[in-house]
Amino acid sequence: MAAIQIDQVMKRYGTLQALGGVTFSIEEGEFFGLLGPNGAGKTTLISILAGLNRADSGSVKIMGHDVVKDYRKARSLLGVVPQELVFDPFFTVRETLRMQSGYFGLAKNDAWIDEVMHHLDLTNKADANTRSLSGGMKRRVLVAQALVHKPPVIVLDEPTAGVDVELRQTLWKFIARLNREGHTVVLTTHYLEEAQALCNRIAMLRGGKVVALDTTDALINRISGSQLEVRLSGAAMPASLAPLLSHPLEPGSNRAVFRIAEYTDVEPILAALRQSGAVIEDMQLHQADLEDVFIEIMEGNK
Amino acid sequence: MIGFRTLFYKEVLRFWKVATQTLTAPIVTAMLYLLIFGHVLEGRMEVYPGVSYTAFLVPGLVMMSVLQNAFANSSSSLIQSKITGNLVFVLLAPLSHWEMFSAYVLAGMLRGLAVGLGVFVITAWFAHLSFVAPLWIIAFALLGSAILATMGLIAGIWAEKFDQLAAFQNFLIMPATFLAGVFYSIHSLPPFWLAVSHANPFFYMIDGFRYGFFGQSDIAPGISFAIVASFFVVLAGIAVSLLKRGYKLRH
(Lines give C-alpha, C1' and ligand atoms only; values in the text may rest on other atoms or scores of the structure.)
Protein backbone atom coordinates (compact mmCIF):
# COMPACT_ATOMS: atom_id res chain seq x y z
CA MET A 1 0.00 0.00 0.00
CA ALA A 2 1.23 3.47 -0.88
CA ALA A 3 2.06 5.83 1.98
CA ILE A 4 0.56 8.68 -0.01
CA GLN A 5 -1.60 8.29 -3.08
CA ILE A 6 -2.47 11.44 -4.99
CA ASP A 7 -4.99 11.02 -7.76
CA GLN A 8 -5.99 13.71 -10.27
CA VAL A 9 -5.91 16.51 -7.72
CA MET A 10 -7.12 19.88 -9.02
CA LYS A 11 -7.22 23.11 -7.08
CA ARG A 12 -8.09 26.58 -8.28
CA TYR A 13 -7.94 29.88 -6.39
CA GLY A 14 -10.09 32.32 -8.34
CA THR A 15 -8.47 32.46 -11.77
CA LEU A 16 -5.23 30.83 -10.62
CA GLN A 17 -4.92 27.13 -11.36
CA ALA A 18 -2.80 26.08 -8.37
CA LEU A 19 -2.88 22.36 -9.15
CA GLY A 20 -3.91 21.05 -12.55
CA GLY A 21 -4.48 17.34 -12.15
CA VAL A 22 -1.62 15.99 -10.08
CA THR A 23 -1.22 12.21 -9.86
CA PHE A 24 1.56 10.24 -8.24
CA SER A 25 2.14 8.03 -5.25
CA ILE A 26 4.82 7.72 -2.61
CA GLU A 27 5.68 4.27 -1.28
CA GLU A 28 6.18 3.37 2.34
CA GLY A 29 9.71 4.00 3.58
CA GLU A 30 10.66 6.43 0.82
CA PHE A 31 12.52 9.68 1.37
CA PHE A 32 10.70 11.70 -1.23
CA GLY A 33 11.49 15.18 -2.52
CA LEU A 34 8.86 17.56 -3.81
CA LEU A 35 10.65 20.29 -5.71
CA GLY A 36 9.65 23.26 -7.78
CA PRO A 37 9.93 27.04 -7.97
CA ASN A 38 7.82 29.31 -5.75
CA GLY A 39 4.19 29.13 -6.76
CA ALA A 40 4.54 25.68 -8.33
CA GLY A 41 1.87 24.25 -6.03
CA LYS A 42 4.00 22.36 -3.49
CA THR A 43 2.48 23.93 -0.41
CA THR A 44 -1.04 23.71 -1.85
CA LEU A 45 -0.50 20.00 -2.41
CA ILE A 46 0.83 19.51 1.12
CA SER A 47 -2.08 21.50 2.55
CA ILE A 48 -4.48 19.17 0.73
CA LEU A 49 -2.66 16.11 2.15
CA ALA A 50 -2.93 17.62 5.62
CA GLY A 51 -6.61 18.57 5.29
CA LEU A 52 -5.81 22.29 5.65
CA ASN A 53 -7.06 22.87 2.11
CA ARG A 54 -9.62 20.95 0.14
CA ALA A 55 -9.10 19.83 -3.42
CA ASP A 56 -11.70 20.91 -6.00
CA SER A 57 -11.55 17.41 -7.44
CA GLY A 58 -9.43 14.29 -7.19
CA SER A 59 -8.49 12.38 -4.08
CA VAL A 60 -5.62 11.93 -1.67
CA LYS A 61 -5.10 8.91 0.54
CA ILE A 62 -2.67 8.53 3.43
CA MET A 63 -1.87 4.81 3.97
CA GLY A 64 -5.14 4.04 2.20
CA HIS A 65 -7.29 6.51 4.16
CA ASP A 66 -9.00 9.31 2.28
CA VAL A 67 -8.05 12.70 3.72
CA VAL A 68 -11.62 14.01 3.50
CA LYS A 69 -13.90 11.02 4.08
CA ASP A 70 -11.66 9.29 6.61
CA TYR A 71 -9.93 12.41 7.91
CA ARG A 72 -9.40 11.28 11.50
CA LYS A 73 -7.45 8.18 10.51
CA ALA A 74 -5.60 9.97 7.72
CA ARG A 75 -4.51 12.84 9.99
CA SER A 76 -3.43 10.51 12.77
CA LEU A 77 -1.01 8.84 10.33
CA LEU A 78 0.48 12.11 9.17
CA GLY A 79 2.89 14.57 10.79
CA VAL A 80 3.27 17.90 9.03
CA VAL A 81 5.85 20.61 9.65
CA PRO A 82 4.25 23.75 8.24
CA GLN A 83 6.29 26.25 6.28
CA GLU A 84 5.17 29.30 8.28
CA LEU A 85 6.98 29.82 11.56
CA VAL A 86 3.92 29.65 13.83
CA PHE A 87 3.71 29.21 17.60
CA ASP A 88 1.27 29.73 20.43
CA PRO A 89 2.65 32.52 22.63
CA PHE A 90 0.68 31.37 25.68
CA PHE A 91 2.64 28.18 26.31
CA THR A 92 6.06 26.71 27.01
CA VAL A 93 7.75 24.18 24.75
CA ARG A 94 6.75 21.25 26.95
CA GLU A 95 3.17 22.46 27.28
CA THR A 96 2.99 22.88 23.52
CA LEU A 97 4.22 19.33 22.92
CA ARG A 98 1.95 17.82 25.57
CA MET A 99 -1.03 19.55 24.05
CA GLN A 100 -0.15 18.47 20.55
CA SER A 101 0.09 14.89 21.87
CA GLY A 102 -3.33 15.28 23.44
CA TYR A 103 -4.88 16.49 20.18
CA PHE A 104 -3.68 13.22 18.69
CA GLY A 105 -5.26 11.24 21.50
CA LEU A 106 -2.09 10.56 23.51
CA ALA A 107 -2.49 11.29 27.21
CA LYS A 108 0.88 10.08 28.54
CA ASN A 109 3.56 10.83 26.04
CA ASP A 110 6.35 12.34 28.13
CA ALA A 111 8.95 9.67 27.39
CA TRP A 112 8.68 10.23 23.64
CA ILE A 113 8.41 14.03 24.07
CA ASP A 114 11.69 13.94 26.02
CA GLU A 115 13.31 11.83 23.32
CA VAL A 116 12.18 14.15 20.53
CA MET A 117 13.36 17.21 22.47
CA HIS A 118 16.70 15.52 23.07
CA HIS A 119 17.23 14.73 19.38
CA LEU A 120 16.30 18.28 18.36
CA ASP A 121 18.45 19.90 21.07
CA LEU A 122 15.41 21.39 22.73
CA THR A 123 15.82 19.89 26.19
CA ASN A 124 17.22 22.99 27.88
CA LYS A 125 14.39 25.08 26.39
CA ALA A 126 11.64 22.74 27.61
CA ASP A 127 10.23 25.22 30.11
CA ALA A 128 10.84 28.35 28.08
CA ASN A 129 7.88 30.16 26.61
CA THR A 130 7.75 29.59 22.84
CA ARG A 131 7.48 33.37 22.38
CA SER A 132 11.00 33.85 23.77
CA LEU A 133 12.69 31.41 21.36
CA SER A 134 14.82 32.34 18.36
CA GLY A 135 13.59 31.54 14.87
CA GLY A 136 15.69 28.39 14.65
CA MET A 137 14.40 27.15 18.01
CA LYS A 138 10.80 27.84 16.99
CA ARG A 139 11.44 25.75 13.88
CA ARG A 140 12.66 22.87 16.07
CA VAL A 141 9.48 23.08 18.14
CA LEU A 142 7.42 22.86 14.94
CA VAL A 143 9.33 19.74 13.94
CA ALA A 144 8.84 18.25 17.40
CA GLN A 145 5.11 19.01 17.26
CA ALA A 146 4.81 17.15 13.98
CA LEU A 147 6.47 14.09 15.51
CA VAL A 148 4.67 13.78 18.87
CA HIS A 149 2.43 10.98 17.62
CA LYS A 150 5.24 9.08 15.82
CA PRO A 151 3.47 9.47 12.48
CA PRO A 152 4.36 6.83 9.86
CA VAL A 153 4.27 9.59 7.23
CA ILE A 154 6.22 12.79 7.88
CA VAL A 155 5.89 15.85 5.65
CA LEU A 156 8.32 18.73 5.96
CA ASP A 157 7.50 21.90 4.05
CA GLU A 158 10.77 23.82 3.66
CA PRO A 159 11.98 22.95 7.15
CA THR A 160 15.43 24.45 6.60
CA ALA A 161 14.44 27.84 5.13
CA GLY A 162 16.43 30.45 7.02
CA VAL A 163 17.91 27.90 9.40
CA ASP A 164 21.56 27.69 10.45
CA VAL A 165 23.90 24.87 9.49
CA GLU A 166 23.85 23.32 12.94
CA LEU A 167 20.09 22.85 13.03
CA ARG A 168 20.05 21.56 9.49
CA GLN A 169 22.52 18.86 10.44
CA THR A 170 20.73 17.99 13.69
CA LEU A 171 17.42 17.89 11.87
CA TRP A 172 18.57 15.73 8.96
CA LYS A 173 20.34 13.30 11.24
CA PHE A 174 17.14 12.78 13.21
CA ILE A 175 14.86 12.64 10.17
CA ALA A 176 17.20 10.23 8.40
CA ARG A 177 17.10 8.00 11.48
CA LEU A 178 13.30 8.04 11.48
CA ASN A 179 13.38 7.18 7.78
CA ARG A 180 15.68 4.22 8.43
CA GLU A 181 13.25 3.06 11.11
CA GLY A 182 10.54 2.91 8.48
CA HIS A 183 8.89 6.33 8.50
CA THR A 184 8.05 7.73 5.08
CA VAL A 185 9.44 11.24 4.65
CA VAL A 186 8.29 13.87 2.17
CA LEU A 187 10.36 17.00 1.87
CA THR A 188 10.07 20.26 0.01
CA THR A 189 13.12 22.47 -0.12
CA HIS A 190 14.84 25.08 -2.22
CA TYR A 191 18.24 23.67 -1.23
CA LEU A 192 18.73 21.22 -4.05
CA GLU A 193 21.94 19.74 -2.66
CA GLU A 194 19.90 18.78 0.42
CA ALA A 195 17.32 17.05 -1.74
CA GLN A 196 20.04 15.32 -3.74
CA ALA A 197 21.76 14.04 -0.62
CA LEU A 198 18.60 12.86 1.17
CA CYS A 199 15.86 11.92 -1.28
CA ASN A 200 15.71 8.61 -3.10
CA ARG A 201 12.96 9.84 -5.41
CA ILE A 202 11.85 13.26 -6.56
CA ALA A 203 8.82 14.89 -8.14
CA MET A 204 9.21 18.28 -9.73
CA LEU A 205 6.21 20.56 -9.95
CA ARG A 206 5.78 23.54 -12.19
CA GLY A 207 2.62 25.59 -12.63
CA GLY A 208 0.59 23.01 -10.73
CA LYS A 209 1.70 20.04 -12.83
CA VAL A 210 4.20 17.25 -12.32
CA VAL A 211 6.98 17.85 -14.86
CA ALA A 212 9.39 15.17 -13.65
CA LEU A 213 9.03 12.13 -11.45
CA ASP A 214 11.93 9.74 -11.06
CA THR A 215 14.62 8.43 -8.74
CA THR A 216 17.22 11.03 -7.85
CA ASP A 217 19.95 9.03 -9.61
CA ALA A 218 17.95 8.70 -12.82
CA LEU A 219 17.20 12.42 -12.82
CA ILE A 220 20.86 13.33 -12.44
CA ASN A 221 21.83 10.87 -15.16
CA ARG A 222 19.54 12.72 -17.53
CA ILE A 223 22.29 15.24 -17.83
CA SER A 224 25.12 13.10 -19.04
CA GLY A 225 28.61 14.22 -18.26
CA SER A 226 30.01 17.39 -16.84
CA GLN A 227 30.92 20.91 -17.79
CA LEU A 228 34.32 22.46 -18.37
CA GLU A 229 34.49 26.19 -17.74
CA VAL A 230 37.52 28.20 -18.88
CA ARG A 231 38.45 31.88 -18.77
CA LEU A 232 40.58 32.88 -21.71
CA SER A 233 42.88 35.71 -22.64
CA GLY A 234 45.06 36.35 -25.67
CA ALA A 235 43.47 34.95 -28.82
CA ALA A 236 39.73 34.33 -29.10
CA MET A 237 38.23 30.87 -28.88
CA PRO A 238 38.64 28.96 -32.16
CA ALA A 239 35.40 28.57 -34.13
CA SER A 240 35.98 24.80 -34.37
CA LEU A 241 35.11 24.48 -30.68
CA ALA A 242 31.76 26.29 -30.97
CA PRO A 243 29.68 23.07 -31.35
CA LEU A 244 30.99 21.83 -28.00
CA LEU A 245 29.80 24.86 -26.04
CA SER A 246 27.00 24.16 -23.59
CA HIS A 247 25.57 27.57 -24.37
CA PRO A 248 26.69 30.23 -26.89
CA LEU A 249 29.50 32.57 -25.96
CA GLU A 250 28.26 35.93 -24.77
CA PRO A 251 29.67 38.83 -26.83
CA GLY A 252 32.65 40.42 -25.14
CA SER A 253 32.88 37.65 -22.55
CA ASN A 254 36.05 35.60 -22.15
CA ARG A 255 34.27 32.79 -20.33
CA ALA A 256 33.46 29.60 -22.24
CA VAL A 257 31.55 26.58 -20.93
CA PHE A 258 31.93 23.25 -22.76
CA ARG A 259 29.84 20.18 -22.30
CA ILE A 260 31.93 17.04 -21.91
CA ALA A 261 30.74 13.46 -21.76
CA GLU A 262 33.91 12.03 -20.29
CA TYR A 263 37.14 13.33 -18.83
CA THR A 264 39.05 12.26 -21.95
CA ASP A 265 37.13 15.00 -23.78
CA VAL A 266 39.02 17.65 -21.84
CA GLU A 267 42.41 17.24 -23.47
CA PRO A 268 41.33 17.84 -27.13
CA ILE A 269 39.59 21.07 -26.07
CA LEU A 270 42.65 22.30 -24.24
CA ALA A 271 44.85 21.37 -27.21
CA ALA A 272 42.63 23.30 -29.63
CA LEU A 273 42.75 26.34 -27.35
CA ARG A 274 46.56 26.15 -27.11
CA GLN A 275 46.89 25.88 -30.88
CA SER A 276 44.80 29.00 -31.41
CA GLY A 277 47.08 30.89 -29.05
CA ALA A 278 44.48 31.39 -26.31
CA VAL A 279 45.77 31.43 -22.73
CA ILE A 280 43.75 29.70 -20.02
CA GLU A 281 43.59 31.99 -16.98
CA ASP A 282 41.17 29.92 -14.95
CA MET A 283 39.59 26.51 -15.36
CA GLN A 284 36.87 24.63 -13.49
CA LEU A 285 35.26 21.26 -13.95
CA HIS A 286 31.61 20.94 -12.82
CA GLN A 287 29.99 17.61 -12.11
CA ALA A 288 26.32 17.60 -13.19
CA ASP A 289 24.04 17.77 -10.16
CA LEU A 290 20.38 18.05 -9.28
CA GLU A 291 20.50 21.81 -9.72
CA ASP A 292 21.47 21.42 -13.39
CA VAL A 293 18.64 18.95 -13.90
CA PHE A 294 16.23 21.24 -12.07
CA ILE A 295 17.14 24.23 -14.22
CA GLU A 296 16.97 22.22 -17.42
CA ILE A 297 13.56 20.75 -16.56
CA MET A 298 12.11 24.05 -15.42
CA GLU A 299 13.40 25.93 -18.46
CA GLY A 300 12.28 23.19 -20.79
CA ASN A 301 8.76 23.45 -19.43
CA LYS A 302 8.28 27.18 -19.76
CA MET B 1 -12.15 12.02 24.03
CA ILE B 2 -8.53 12.84 24.91
CA GLY B 3 -8.47 15.22 21.95
CA PHE B 4 -11.51 17.09 23.21
CA ARG B 5 -10.16 17.15 26.76
CA THR B 6 -6.83 18.55 25.62
CA LEU B 7 -8.36 21.30 23.50
CA PHE B 8 -10.69 22.22 26.35
CA TYR B 9 -7.77 22.28 28.79
CA LYS B 10 -5.74 24.41 26.40
CA GLU B 11 -8.58 26.89 26.01
CA VAL B 12 -9.00 27.15 29.79
CA LEU B 13 -5.25 27.48 30.36
CA ARG B 14 -5.17 30.23 27.74
CA PHE B 15 -7.53 32.52 29.63
CA TRP B 16 -6.24 31.42 33.03
CA LYS B 17 -2.71 32.54 32.15
CA VAL B 18 -4.02 36.06 31.53
CA ALA B 19 -6.59 36.04 34.32
CA THR B 20 -6.15 39.71 35.21
CA GLN B 21 -7.45 40.63 31.81
CA THR B 22 -9.97 37.81 31.34
CA LEU B 23 -11.42 37.43 34.85
CA THR B 24 -10.51 40.33 37.14
CA ALA B 25 -11.09 43.18 34.66
CA PRO B 26 -14.71 42.26 33.78
CA ILE B 27 -15.52 41.77 37.47
CA VAL B 28 -14.24 45.27 38.22
CA THR B 29 -16.26 46.69 35.29
CA ALA B 30 -19.46 45.08 36.57
CA MET B 31 -18.81 46.47 40.05
CA LEU B 32 -18.47 49.97 38.59
CA TYR B 33 -21.84 49.60 36.84
CA LEU B 34 -23.42 48.54 40.11
CA LEU B 35 -21.88 51.39 42.10
CA ILE B 36 -22.74 54.09 39.57
CA PHE B 37 -26.22 52.98 38.47
CA GLY B 38 -27.09 51.80 41.96
CA HIS B 39 -26.01 55.13 43.44
CA VAL B 40 -27.90 57.21 40.87
CA LEU B 41 -31.08 55.18 40.64
CA GLU B 42 -31.51 53.55 44.05
CA GLY B 43 -34.76 54.77 45.59
CA ARG B 44 -35.88 56.45 42.36
CA MET B 45 -36.96 53.33 40.56
CA GLU B 46 -38.82 50.24 41.67
CA VAL B 47 -39.12 47.60 38.98
CA TYR B 48 -40.72 44.84 41.03
CA PRO B 49 -42.59 45.54 44.25
CA GLY B 50 -40.43 44.87 47.28
CA VAL B 51 -37.20 44.56 45.27
CA SER B 52 -34.72 47.42 45.56
CA TYR B 53 -33.16 48.74 42.34
CA THR B 54 -29.69 47.54 43.35
CA ALA B 55 -31.05 44.07 44.05
CA PHE B 56 -32.83 44.15 40.66
CA LEU B 57 -29.59 45.17 39.00
CA VAL B 58 -27.37 42.42 40.47
CA PRO B 59 -28.73 39.42 38.50
CA GLY B 60 -28.76 41.52 35.32
CA LEU B 61 -25.12 42.47 35.76
CA VAL B 62 -24.13 38.93 36.62
CA MET B 63 -25.83 37.59 33.49
CA MET B 64 -24.42 40.35 31.32
CA SER B 65 -20.92 39.46 32.52
CA VAL B 66 -21.54 35.76 31.87
CA LEU B 67 -22.74 36.47 28.34
CA GLN B 68 -20.06 38.95 27.33
CA ASN B 69 -17.20 36.86 28.66
CA ALA B 70 -18.45 33.61 27.19
CA PHE B 71 -18.54 35.37 23.83
CA ALA B 72 -15.17 37.04 24.31
CA ASN B 73 -13.40 33.79 25.13
CA SER B 74 -14.23 31.64 22.13
CA SER B 75 -14.18 34.53 19.66
CA SER B 76 -10.85 36.02 20.74
CA SER B 77 -9.16 32.64 21.03
CA LEU B 78 -10.17 31.71 17.49
CA ILE B 79 -9.34 35.00 15.84
CA GLN B 80 -5.95 35.12 17.56
CA SER B 81 -5.14 31.58 16.49
CA LYS B 82 -6.26 32.36 12.96
CA ILE B 83 -4.25 35.56 12.67
CA THR B 84 -1.09 34.23 14.30
CA GLY B 85 -1.48 31.01 12.32
CA ASN B 86 -1.26 28.61 15.24
CA LEU B 87 -4.78 27.33 14.58
CA VAL B 88 -2.92 25.01 12.21
CA PHE B 89 -1.96 22.83 15.21
CA VAL B 90 -5.63 22.14 15.86
CA LEU B 91 -6.51 21.80 12.19
CA LEU B 92 -3.76 19.23 11.58
CA ALA B 93 -4.99 17.05 14.43
CA PRO B 94 -7.60 14.32 14.07
CA LEU B 95 -10.17 16.26 16.11
CA SER B 96 -13.77 15.86 15.00
CA HIS B 97 -15.96 18.93 14.52
CA TRP B 98 -17.96 17.89 17.59
CA GLU B 99 -14.81 17.80 19.68
CA MET B 100 -13.79 21.24 18.47
CA PHE B 101 -17.28 22.63 19.05
CA SER B 102 -17.58 21.25 22.59
CA ALA B 103 -14.08 22.30 23.63
CA TYR B 104 -14.41 25.91 22.49
CA VAL B 105 -17.97 26.29 23.80
CA LEU B 106 -17.32 24.68 27.20
CA ALA B 107 -14.20 26.78 27.75
CA GLY B 108 -16.16 29.92 26.86
CA MET B 109 -18.93 28.85 29.25
CA LEU B 110 -16.41 28.25 32.02
CA ARG B 111 -14.91 31.71 31.62
CA GLY B 112 -18.36 33.35 31.44
CA LEU B 113 -19.57 31.49 34.52
CA ALA B 114 -16.36 32.19 36.44
CA VAL B 115 -16.68 35.92 35.78
CA GLY B 116 -20.40 35.76 36.58
CA LEU B 117 -19.69 34.03 39.88
CA GLY B 118 -17.04 36.62 40.72
CA VAL B 119 -19.44 39.47 39.94
CA PHE B 120 -22.13 37.78 41.98
CA VAL B 121 -19.93 37.20 45.04
CA ILE B 122 -18.85 40.83 45.09
CA THR B 123 -22.11 42.58 44.15
CA ALA B 124 -24.22 40.40 46.46
CA TRP B 125 -22.70 42.35 49.37
CA PHE B 126 -24.48 45.47 48.16
CA ALA B 127 -28.03 44.13 47.99
CA HIS B 128 -30.52 41.87 49.71
CA LEU B 129 -31.01 39.00 47.32
CA SER B 130 -33.46 36.14 47.50
CA PHE B 131 -33.10 32.79 45.70
CA VAL B 132 -36.64 31.72 44.93
CA ALA B 133 -35.82 29.17 42.23
CA PRO B 134 -32.10 28.30 42.15
CA LEU B 135 -32.54 25.69 39.42
CA TRP B 136 -33.73 28.37 37.00
CA ILE B 137 -30.69 30.45 37.94
CA ILE B 138 -28.38 27.58 37.05
CA ALA B 139 -30.30 26.60 33.93
CA PHE B 140 -30.30 30.11 32.44
CA ALA B 141 -26.66 30.72 33.37
CA LEU B 142 -25.62 27.50 31.64
CA LEU B 143 -27.73 28.06 28.54
CA GLY B 144 -26.91 31.75 28.25
CA SER B 145 -23.18 31.11 28.46
CA ALA B 146 -23.47 28.23 25.98
CA ILE B 147 -25.30 30.47 23.50
CA LEU B 148 -22.80 33.29 23.70
CA ALA B 149 -19.80 30.94 23.58
CA THR B 150 -21.34 29.42 20.44
CA MET B 151 -21.90 32.88 18.95
CA GLY B 152 -18.28 33.67 19.76
CA LEU B 153 -17.21 30.52 17.97
CA ILE B 154 -19.25 31.47 14.90
CA ALA B 155 -17.93 35.05 14.96
CA GLY B 156 -14.36 33.79 15.36
CA ILE B 157 -14.75 31.44 12.40
CA TRP B 158 -16.33 34.14 10.26
CA ALA B 159 -14.05 37.08 11.09
CA GLU B 160 -10.79 37.42 9.19
CA LYS B 161 -9.55 40.51 10.97
CA PHE B 162 -9.76 41.91 14.49
CA ASP B 163 -11.94 44.84 13.37
CA GLN B 164 -14.52 42.50 11.86
CA LEU B 165 -14.75 40.75 15.19
CA ALA B 166 -14.92 44.09 16.99
CA ALA B 167 -17.82 45.09 14.71
CA PHE B 168 -19.65 41.87 15.59
CA GLN B 169 -19.09 42.60 19.26
CA ASN B 170 -19.90 46.32 19.24
CA PHE B 171 -22.86 46.35 16.85
CA LEU B 172 -24.50 43.07 17.78
CA ILE B 173 -23.48 41.63 21.12
CA MET B 174 -23.18 44.87 23.13
CA PRO B 175 -26.51 46.43 22.01
CA ALA B 176 -28.29 43.10 22.38
CA THR B 177 -27.08 42.67 25.97
CA PHE B 178 -27.59 46.31 27.02
CA LEU B 179 -31.09 46.38 25.51
CA ALA B 180 -32.08 43.07 27.06
CA GLY B 181 -33.29 44.62 30.30
CA VAL B 182 -30.15 44.48 32.40
CA PHE B 183 -30.81 47.95 33.79
CA TYR B 184 -34.61 48.17 33.50
CA SER B 185 -37.75 46.13 33.00
CA ILE B 186 -38.76 46.21 29.36
CA HIS B 187 -42.32 46.93 30.51
CA SER B 188 -41.20 50.47 31.23
CA LEU B 189 -40.52 50.89 27.48
CA PRO B 190 -42.86 52.42 24.86
CA PRO B 191 -44.84 49.75 22.93
CA PHE B 192 -42.60 49.78 19.86
CA TRP B 193 -39.40 49.17 21.84
CA LEU B 194 -41.20 46.63 23.98
CA ALA B 195 -41.96 44.66 20.82
CA VAL B 196 -38.36 45.02 19.63
CA SER B 197 -37.11 43.73 22.99
CA HIS B 198 -39.28 40.65 22.60
CA ALA B 199 -37.38 39.83 19.43
CA ASN B 200 -34.09 39.92 21.34
CA PRO B 201 -33.15 36.45 22.54
CA PHE B 202 -30.83 37.96 25.16
CA PHE B 203 -33.88 39.43 26.91
CA TYR B 204 -35.23 35.95 27.68
CA MET B 205 -31.89 34.85 29.14
CA ILE B 206 -31.73 37.76 31.56
CA ASP B 207 -35.45 37.73 32.38
CA GLY B 208 -35.43 34.01 33.14
CA PHE B 209 -32.23 34.28 35.15
CA ARG B 210 -33.72 37.09 37.22
CA TYR B 211 -36.88 35.02 37.84
CA GLY B 212 -34.69 32.52 39.68
CA PHE B 213 -33.81 35.20 42.22
CA PHE B 214 -37.07 37.11 42.73
CA GLY B 215 -39.75 34.77 41.45
CA GLN B 216 -40.92 37.68 39.30
CA SER B 217 -40.29 38.24 35.62
CA ASP B 218 -41.72 39.84 32.50
CA ILE B 219 -42.24 36.45 30.84
CA ALA B 220 -42.95 33.06 32.43
CA PRO B 221 -39.58 31.28 32.91
CA GLY B 222 -40.72 28.11 31.15
CA ILE B 223 -41.48 30.07 27.98
CA SER B 224 -38.19 31.94 28.20
CA PHE B 225 -36.37 28.65 28.68
CA ALA B 226 -38.02 27.10 25.61
CA ILE B 227 -37.10 30.14 23.49
CA VAL B 228 -33.52 30.24 24.76
CA ALA B 229 -33.06 26.48 24.35
CA SER B 230 -34.33 26.55 20.76
CA PHE B 231 -32.03 29.46 20.02
CA PHE B 232 -29.09 27.43 21.32
CA VAL B 233 -30.01 24.39 19.23
CA VAL B 234 -30.14 26.52 16.07
CA LEU B 235 -26.82 28.23 16.80
CA ALA B 236 -25.10 24.98 17.74
CA GLY B 237 -26.34 23.47 14.47
CA ILE B 238 -24.87 26.39 12.53
CA ALA B 239 -21.55 26.25 14.38
CA VAL B 240 -21.11 22.50 13.95
CA SER B 241 -21.96 22.66 10.27
CA LEU B 242 -19.44 25.49 9.74
CA LEU B 243 -16.76 23.41 11.46
CA LYS B 244 -17.74 20.34 9.46
CA ARG B 245 -17.52 22.23 6.18
CA GLY B 246 -14.28 23.88 7.27
CA TYR B 247 -15.84 27.26 6.43
CA LYS B 248 -13.05 29.90 6.36
CA LEU B 249 -10.81 27.44 8.21
CA ARG B 250 -9.97 24.85 5.57
CA HIS B 251 -9.78 26.57 2.19
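Please find, within region A:65-106, the residue that is surrounded by the fewest Cβ atoms within 10 Å (Cβ to Cβ) out of those that are in a helix (DSSP H, G or I) and more than 10 Å from chain B (Cβ to nearest Cβ).
My answer is A:R94.
Take A:Y103 and decide whether it is in contact with a Gly (Cβ under 8 Å, 6 or more places away or on another chain) and without any contact (Cβ under 8 Å) to a residue 12 or more places away in the chain.
It is true that A:Y103 is in contact with a Gly (Cβ under 8 Å, 6 or more places away or on another chain) and without any contact (Cβ under 8 Å) to a residue 12 or more places away in the chain.
Does A:L45 meet the test of being under 20 Å from the mean Cα position of the chain (by Cα), in the same structural domain as A:K125 (by TED's automatic domain parsing) and crowded, with 17+ Cβ neighbours inside 10 Å?
Yes, satisfied.
Among the strands (runs of 3 or more DSSP E) lying completely within region A:189-302, list those that include at least 2 residues that are touching a helix residue (DSSP H, G or I) at 6+ places or on another chain (Cβ under 8 Å) and under 30 Å from A:L16 (Cβ atoms). Before the answer, list the steps.
On the way: elements: A:201-206, A:209-215, A:226-234, A:255-260, A:278-287.
Answer list for region A:189-302: A:201-206, A:209-215.
Within region A:226-269, work out how many residues are without any contact (Cβ under 8 Å) to a residue 40 or more places away in the chain, surrounded by 13 or more Cβ atoms within 10 Å (Cβ to Cβ) and aliphatic (A, V, I, L, M).
8
Would you check which residues across region A:157-168 are under 19 Å from A:L133 (Cβ atoms) and either modelled with pLDDT of 90 or more or not hydrophobic (A, V, I, L, M, F, W, C) (or both) and list them?
A:E158, A:P159, A:T160, A:G162, A:D164, A:E166, A:R168
Can you report the number of residues in region B:168-205 which are in contact with a Gly (Cβ under 7 Å, 6 or more places away or on another chain) and closer than 22 Å to B:I154 by Cα?
Qualifying residue count for the region: 2.
With A:T216, A:T184, A:T189, A:T170 as the choices, which residue is farther than 20 Å from A:V81 by Cα, out of contact with any Leu (no Cβ under 6 Å at 6 or more places or on another chain) and not basic (K, R)?
A:T216
Just name the residue that is farthest from A:M283 (Cα to Cα) out of those in region A:214-225 that are at pLDDT 80 or above and surrounded by 14 or more Cβ atoms within 10 Å (Cβ to Cβ).
Ranking the candidates gives A:D214 first.
Taking the conditions exactly as written (over 27 Å from the mean Cα position of the chain (by Cα) and within 14 Å of chain B (Cβ to nearest Cβ)), does A:A128 satisfy them or not?
On the way: over 27 Å from the mean Cα position of the chain (by Cα): yes; within 14 Å of chain B (Cβ to nearest Cβ): no.
So A:A128 fails the test.
Could you go through region A:184-204 and let me know if any residue there is exposed (fewer than 15 other Cβ atoms within 10 Å of the Cβ), more than 17 Å from the chain's Cα centre (by Cα), small (G, A, S) and not assigned by TED's automatic domain parsing to the domain that holds A:R259.
No: region A:184-204 contains no residue that is exposed (fewer than 15 other Cβ atoms within 10 Å of the Cβ), more than 17 Å from the chain's Cα centre (by Cα), small (G, A, S) and not assigned by TED's automatic domain parsing to the domain that holds A:R259.
B:E99 - would you say it is part of a helix (DSSP H, G or I) and more than 26 Å from B:N200 (Cα to Cα)?
Answer is yes for this residue.
Tell me, yes or no, whether region B:177-184 has at least one residue that is at pLDDT below 90 and part of a helix (DSSP H, G or I).
So the first thing to find is which residues in region B:177-184 are at pLDDT below 90, and the list is B:177-184.
Checking which are part of a helix (DSSP H, G or I) leaves us with B:177-178.
The answer is yes, given that some residue of region B:177-184 is at pLDDT below 90 and part of a helix (DSSP H, G or I).
Checking the structure you have, find out if any residue of region B:21-36 is at pLDDT below 95 and within 14 Å of another protein chain (Cβ to nearest Cβ).
The answer is yes; a qualifying residue exists.
Being within 13 Å of chain B (Cβ to nearest Cβ), surrounded by fewer than 22 Cβ atoms within 10 Å (Cβ to Cβ), more than 22 Å from the chain's Cα centre (by Cα) and touching a residue at least 40 places away in the same chain (Cβ under 8 Å) is the requirement here; does A:R12 meet it?
yes
Among A:V60, A:V116, which is the only one that is more than 7 Å from chain B (Cβ to nearest Cβ), buried (at least 17 other Cβ atoms within 10 Å of the Cβ) and assigned to a strand (DSSP E or B)?
One residue alone meets the criteria, A:V60.
The values are calculated or read from the model by the stated rules, or taken from the named source; none is laboratory data. Not measured: the values here are computed from a predicted model. Using ideal geometry, Cβ is built from the backbone for each residue, glycine included, and neighbour counts are taken over all protein chains shown.
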